[in-house]
Every structure is written in C-alpha cells, then in structure tokens.
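What follows is a single structure, written as structure tokens, with notes after it.
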Amino acid sequence: MQVKRFFAADMRQAMKLVRDELGADACILGNRRVAGGVELTAALDVQMPPAGQANPQLEQELRATQAKIAAARSELDNRTLEASQNGQLFAAANAAAERKPAAMASRTSTSPADQQALDAMRAELHGLRELIEVQLGSIAWGQLQSRQPQQASLWRRLQRLGLSAELSRQMLERVARINDPRQAWRLLLAHLAHAIRIPEQEVIEEGGLVALVGPAGMGKTTTLAKLAARHVLKHGPQGLALVGMDSFRIGAHEQLKTLGRILNVPVLQVDPGQSLSQVLAPLARKKLVLIDTAGLPANDPALRLQLEALANRGLKVKNFLVMAATSQGQVLKAAYHGYKRCGLAGCIISKVDEAACLGEVLELAIGQQLPVAYLTDGPRIPDDLQLPKSHQLVSRAVSLQLPEEPSEDVMAGAFAGLYQQSTLRAG
C-alpha cells in the first residue's frame, strides 16, 4: 500500500495534489487542519470502477463520514447550549449574590480549554464538509458524463461563458428534454437572453435625477460624460445639469467642471456638510440631472452618508450601479451588496471592450434582476455608449468565451459548488 501525506492551502488544492500524484484510484484516509492549510493522508490500493460510474464503496464511506459529522455537530450544539445555559445560571446567581461574581464566573463560564476544543471541532467539521463536497462533486460530474454526455457537453459550454454552476443548472433544466445538441444550445442561449432585463425607455429620455454609483475604478465619471454628451447631442444643453458628490478624489470636481464647460451645462458640487437636497433645489426645472458619486471603500462612514442621501424618497433619485466587465465575480457581488442600500434602478456595464469574459457580470444582472440600461465599450465620448439588446449581449458573451475546455478539476469543483449551495439553502 502506498500511503502519502499532502499539504495545501485548501481542500480542493489538496485533492488535486492527490489526483496528480496517486491518480484517480487514490483513497482518502484522513484529513486535518494544520498551520497554513490542510493535510490529507491518501493511499493507493483501492480498485475503483470505470470513470463516470458510481462508486458504492466511496459513497458508503461518505455516508459514514456524514453520520460522523452529524454526531459531531450534535455534540457541538450540546456543548454550546450547555455553555449558554451556564451563562444564564451565572447571571441569575450573580443577581442574587453580588458578593461572589468572580467565583461564580470561574465555575460557570466556558473555560479556555473548552473553547479551544469547540474551535478545533468546528475546524474539523469544516474540513470534513469540504472533503465530502469535493468528492461528491467528482462523483456527480463523472456520472453525468457517463449517463448524459449531451448534458455534460452543454455544462462545459456554459462554464466557458463564465456562468456559475447554479445558473447553469437552472438553464439546463429548461432544455433537459431536447435531444438535438444544436437545438438545445440555441434554446439555452435564448433562455439566457430572455433572463436579461432591459429598460423599456432609455434613461436619458425618461429624465429626472440619475446617479451613477459603484466602487472606484468602475468608470462612473467617464460613463457620466458619455451620457451627458449623448443628451446634449440629441436635445441640446438647456435641460441638463451635472452634480458632483465626489469631494474625496483629487481633481474630481475640476474634471466635472471641464466637462460642463465643454458641453455648456451648469455644474454644482455637494460640499462637505451640505445636503444633496439643497444643491438640487435650484435644478428643479432641469429635465435631466446627472449625479457623479464618490467610489468609497465599503467600511468608510462617508459611504453610508452618501447612500442615505441617494436613498431619500423625497428626492426620487434613480441610482444605477456601474459594473466594469473586467471585474471578478466576487468584486461585482461585493459592489452590489454594498450599494443596494440606496435602491438600485438598474446597472450599466462598462469596459466591455477590455473584458475577457461577460458571464460573471451578466450573471449578477440576471440573478439580482437589475435592468441593463447601457454598456460602454471604448473611451470615445459619446460614441462608445450603447443601448443594449439582450440577444446581442449573449452573442457577445459567446464571442468572448474561454478558448479552452474547462478541466475535469474545474467541472468537479463546479458540481461541488452546487452541494455548497444546497447546504446553504438547507441551513
């Protein structure tokens, strides 16, 4: 029997090391958390069935591991409950006998040793869960390739677009009964296009107060310049005004004033200590007021004040989240959750010309039901501002798909992600 230990930063990387070193027939004997990551102990003497078929021995092992996790979780909950009850008893006793709080605390509070045991148990449970998810993902992907090769091929193509496993699963459920691969793929893209919402009326035609929000570097000010120039070319400068809320970035106000001089439109600045409603009051007769905001860190107190001003129902500001197509999915999600507090009317996808993939930004728009008002695909003002069409967005996403097929590890990881989603929903 060949037994080896593997060290990696996380469970997925450790599993990849095992497969690369010992092959797909390796058996995981144990795992534990260590400084800097995880340690796996693997052996090579278990005969596995052909790839893509179910492995009864592994599934039995996984079920046994799940039972151990359930028992460990029960023990952890009992210990936590006991610690909580001890804390309540201590509070009651302390109210009755204030003379001995220190003695009671030493007897009823959770000791450092118990807390270390609880932390160790949590870490072990987390490691076991990761291990089960990775192995179940590999099994599920292998079975799909064996039993439904057409579905597996569609899975790969959706992964090349940059879509998550969860959205891919939802889309594939809609074409599960289509036998022709080409028809199934065309129908998949049609469903994807249908899921992208587009505003019925163009934003600058609808008018009102329009604010562009989002983190720094997303292209808010450049997009605002394109919107302003587009409006002036169609309707002239009389009905337009610009407002700047960015008093933090050096030169931000000067940049906006320069744009105002070029377009011959008024530019107002919201200074520190001044309310947005005070600045907007003289602009009540303007058809369109474009508001440029500051891209502040999520933990900056000034961001909260800015979002509260934009969320003021009396002002009726329409806030559009500017999302750079070059940003990673996690960055886009963080931006959405950070700015949704002001109430989002839709989004604008920027830097499309620089993007290597559109799947992640489209997925966020679909998942959060954000209408895509515009997309920008170049630096020219206002030429590189486009009114989107859902089918054209999907076609562009297809043209930007990854050139190579995703690896087996990537696909197994995608299926492991589905198990994580199901665990979160169950919790």
Practice problem: Kindly indicate the residue of the range 231-252 that is buried (at least 18 other Cβ atoms within 10 Å of the Cβ) and under 34 Å from the mean Cα position of the chain (by Cα) and also modelled with the lowest pLDDT among those meeting that condition. | Solution: Ala252
Quiz item: Could you say whether any residue in the range 269-278 is touching a residue at least 60 places away in the same chain (Cβ under 8 Å) and surrounded by 12 or more Cβ atoms within 10 Å (Cβ to Cβ)?
Solution: no
Practice problem: For the range 258-272, state whether one or more residues are in a loop (DSSP other than H, G, I, E, B), within 26 Å of the chain's Cα centre (by Cα) and not assigned by TED's automatic domain parsing to the domain that holds Leu172. | Solution: no
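Each row is one residue, and each column tells you yes or no for (1) polar (S, T, N, Q); (2) in contact with a strand residue (DSSP E or B) (Cβ under 8 Å, 6 or more places away or on another chain); (3) modelled with pLDDT of 90 or more; (4) not assigned by TED's automatic domain parsing to the domain that holds Leu209.
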{"residue": "His337", "(1), (2), (3), (4)": "no, no, yes, no"}
{"residue": "Leu344", "(1), (2), (3), (4)": "no, yes, yes, no"}
{"residue": "Val352", "(1), (2), (3), (4)": "no, yes, yes, no"}
{"residue": "Ala356", "(1), (2), (3), (4)": "no, no, no, no"}
{"residue": "Ile366", "(1), (2), (3), (4)": "no, no, yes, no"}
{"residue": "Pro371", "(1), (2), (3), (4)": "no, yes, yes, no"}
{"residue": "Thr376", "(1), (2), (3), (4)": "yes, yes, yes, no"}
{"residue": "Pro379", "(1), (2), (3), (4)": "no, no, no, no"}
{"residue": "Asp383", "(1), (2), (3), (4)": "no, no, no, no"}
Quiz item: In the range 161-209, which residues are closer than 30 Å to Asn299 by Cβ, within 25 Å of the chain's Cα centre (by Cα) and not hydroxyl-bearing (Ser, Thr, Tyr)?
Solution: Gly162, Glu166, Leu167
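Do we have any residue at all in the range 177-188 that's in the same structural domain as Gly359 (by TED's automatic domain parsing) and free of Cβ contacts under 8 Å to residues at least 24 places away in the same chain? Working first, answer last.
At the first step, the residues of the range 177-188 found to be in the same structural domain as Gly359 (by TED's automatic domain parsing) are none.
No, the conditions are met nowhere in the range 177-188.
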Self-check item: Search result, residues across the range 178-224 that are surrounded by fewer than 14 Cβ atoms within 10 Å (Cβ to Cβ), charged (D, E, K, R) and not in a loop (DSSP other than H, G, I, E, B)
Solution: Arg182, Arg186, Glu205
Quiz item: Inside the range 282-315, can you point out the residues that are out of contact with any Gly (no Cβ under 7 Å at 6 or more places or on another chain) and within 25 Å of Gln238 (Cβ to Cβ)?
Solution: Pro282, Leu283, Ala284, Arg285, Val289, Leu290, Ile291, Thr293, Leu315
Practice problem: Those residues that are surrounded by 20 or more Cβ atoms within 10 Å (Cβ to Cβ) and over 12 Å from Arg341 (Cβ atoms), I need them from the range 299-317; list them, please. | Solution: Val317
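The values are calculated or read from the model by the stated rules, or taken from the named source; none is laboratory data. Computed from a predicted model, the values in this text were never measured in an experiment. Neighbour counts run over all protein chains shown; Cβ positions are idealised from the backbone, glycine included.
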